[in-house]
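Take a look at the structure set out below.
The values are calculated or read from the model by the stated rules, or taken from the named source; none is laboratory data. Values in this document were obtained by computation on a predicted structure and should not be read as measured data. Here the Cβ positions follow ideal geometry from the backbone for every residue, glycine too, while neighbour counts run over all protein chains shown.
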Amino acid sequence: MPPALVIVAAMFLTAAAHISFAQSGAGEHRAAAGSGEVIGHSVEGRPITVERVGSGPIDVVIVGGIHGAYEANSIILARRFLEYYRANPRALPEEFTLHVIDNMNPDGVHRVTGGTPIEEFDFRSADTVPGRFNARWVDLNRNWDGDWQPTSYWGNREVDAGSAPFSEPETRTVRDYVERIDPAVSVFYQSAAFGLWYSGAEDGWEPARRLAEVYHRASGYRLPEPDDGSGDSGGPVDYEITGSADDYFYEIGHPNLTVELTNHYDIDWDRNLAGLSALLEEIRE
Ligand SMILES: [Zn+2]
């Protein structure tokens with residue numbers, strides 16, 4: 001090919017690349033007010049976003065806020081991880097990309113805060129229980145397709161699990177993202193049972209149990225023993241939970257941890273930085 005034609009072809013390819021980039025930018029990668037890539041929307045149309053730090057080949061997904069304003073500290077903790085690793089890039093081993101979905105339930109947060117930024121809102125003085133559920137009053141940790149039941153419980157209180165597994169857009173959004181990224185582990189932060197769950201805990205599923213033990217040893221969060229036949233759920237609460245994220249992830253063979261913070265307000269920063277750091281060290285080996 002004569003040199004002039006090569007140049008023309010290269011220019012054409014460059015232009016085509018720009019066009020396809022612009023088109024994808026208008027769709028899936030639309031940014032939400034400077035807070036990451038939009039991966040889905042809540043029932044009321046609020047964006048659910050992911051922000052990333054690091055660029056290594058091993059993916060880890062962190063999710064906060066499945067129970068909205070009731071567990072707002074899990075959202076603040078997820079954001080703190082982002083801020084910390086952005087400010088201290090050497091603290092994140094270069095093998096990793098961390099994907100942070102800080103708030104899975106923005107409608108539940110908005111129901112309580114009315115739109116006041118989370119960092120400015122006084123959660124201790126508010127009734128945050130209504131903010132546990134999404135806009136349709138569904139408990140998003142009862143809506144996954146893992147032992148899903150139409151009637152589900154939060155303690156001895158009946159809660160709405162949705163009209164079907166994955167009936168809620170928030171649940172579908174996070175499921176789709178985790179399955180698309182296929183991370184080495186996902187960690188969901190919740191509060192406040194001071195303990196760890198993992199996918200397959202009822203069977204002591206080794207790929208997730210090993211990771212839970214590493215987090216447990218570094219953080220000091222309680223790690224219940226595998227089910228001994230006593231009917232214990234294998235988790236830090238003593239009633240059966242249906243349709244939870246960890247049940248679903250066990251069914252698809254994905255190692256998932258749920259970390260339950262100590263209370264509904266503090267982020268237990270030292271515990272969780274130690275826990276996540278140890279987890280990353282374990283995975284990179
Ligand atoms: Zn919760």
request  = Name every residue in region 170-183 that is more than 16 Å from the ligand (Cβ to nearest atom) and in contact (Cβ under 8 Å) with a residue 60 or more places away in the chain, in order of residue number.
outcome  = Arg172, Thr173, Arg175, Asp176, Tyr177, Val178, Glu179, Ile181, Asp182, Pro183
key: Single unsatisfied condition, Phe21 versus (1) touching a Gly at 6+ places or on another chain (Cβ under 6 Å); (2) modelled with pLDDT under 95; (3) of a type in the set (Phe, Trp, Tyr)   = (1)
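Would you mind stating whether Ile283 is out of contact with any His (no Cβ under 7 Å at 6 or more places or on another chain) and not charged (D, E, K, R)?
For Ile283, the condition - out of contact with any His (no Cβ under 7 Å at 6 or more places or on another chain) and not charged (D, E, K, R) - is met.
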note = In region 119-135, anything assigned to a helix (DSSP H, G or I) and among the polar types (S, T, N, Q) is listed as Ser125
inquiry  = With the structure loaded, tell me whether Ala161 is in contact with a Lys or Arg (Cβ under 6 Å, 6 or more places away or on another chain) and under 26 Å from Tyr250 (Cβ atoms) or whether it fails that test.
reply    = yes
ask   = Quick one: in region 107-150, which of the residues that are in contact with a Pro (Cβ under 8 Å, 6 or more places away or on another chain) and charged (D, E, K, R) is farthest from Ser191 (Cα to Cα)?
value = Asp145
request  = Could you identify the single residue in Ser186, Ser191, Ser167 that is under 16 Å from Leu279 (Cβ atoms) and either touching a residue at least 24 places away in the same chain (Cβ under 8 Å) or buried (at least 16 other Cβ atoms within 10 Å of the Cβ) (or both)?
outcome  = Ser186
note = Counting only strands (runs of 3 or more DSSP E) wholly inside region 35-118, the ones holding at least 2 residues that are modelled with pLDDT of 95 or more and within 16 Å of the ligand (Cβ to nearest atom) are 58-63
message = hydrophobic (A, V, I, L, M, F, W, C), assigned by TED's automatic domain parsing to the domain that holds Glu120 and touching a His at 6+ places or on another chain (Cβ under 6 Å): which single residue out of Leu257, Leu196 fits that description?
response = Leu196
message = Going by what's in this entry, would Arg132 be described as among the charged types (D, E, K, R), within 15 Å of the ligand (Cβ to nearest atom) and surrounded by 15 or more Cβ atoms within 10 Å (Cβ to Cβ)?
response = yes
message = Going through Trp148, Trp205 one at a time, which residue ends up being surrounded by fewer than 23 Cβ atoms within 10 Å (Cβ to Cβ), away from the ligand (no atom under 16 Å from the Cβ) and within 26 Å of Ile48 (Cα to Cα)?
response = Trp148
inquiry  = For the structure I just gave you, tell me whether Val112 is touching a residue at least 24 places away in the same chain (Cβ under 8 Å), closer than 24 Å to Val159 by Cβ and surrounded by 22 or more Cβ atoms within 10 Å (Cβ to Cβ).
reply    = no
